[in-house]
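I have placed the structure first, in the form of structure tokens, so that the comments after it can refer back to it.
The values are calculated or read from the model by the stated rules, or taken from the named source; none is laboratory data. The structure displayed is predicted, hence computed values, not measured ones. Note: areas computed on protein heavy atoms with side chains; ligands, DNA, RNA excluded. Shrake-Rupley method; radii C 1.70, N 1.55, O 1.52, S 1.80 Å.
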Amino acid sequence: MNTLDNFLSAQNGYKKLLKVEQQLIKSAVKEYQISELVKQCSEARTARNQQLLALFQSNALGAVTFVGILMIPYLTLMAF
């Protein structure tokens, strides 16, 4: 009976070990998925910031051009 008890105890221990391993694998997969999501969000944020910077630069250039066009009559009048 002692050998059978040892065998059953070892089998239960092995089952518990398998459950722990499965939980660790699930945890690692979740952690990997979270890190991938963080990476994707960071890349998306960088792309958005670049687009906003390009938009700002084009708007600034447009504003400078608009003010420059408005200044032409003023400068022409000041020349006389």
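Assorted remarks:
- If you run the Gaussian network model on the chain, springs between alpha carbon atoms under 10 Å, then out of K39, K26, K15 the most flexible one is K15.
- Build a GNM of the chain with springs between Cα atoms under 10 Å apart, and of I34, I25, I69 the one that fluctuates most is I69.
- Here the Karplus curve 6.51 cos²θ - 1.76 cosθ + 1.60, taken at θ = phi - 60°, turns the phi angles of region 40-53 into couplings of 5, 5, 5, 5, 5, 5, 5, 5, 4, 5, 5, 5, 5, 5 Hz, with x standing for Gly and Pro.
- For the chain, the number of Lys pairs separated by eight or more positions or lying on different chains, with C-alpha atoms closer than 20 Å, is 5.
- Carbon plus sulfur fraction of accessible area for the chain, probe 1.4 Å, in percent: 67
- Per residue accessible area in Å² of the chain, where ligands, DNA and RNA are left out and the probe is 1.4 Å: 95
- Most fluctuating residue given options N59, N49, N12, as computed from a GNM of the chain linking Cα atoms under 10 Å: N12
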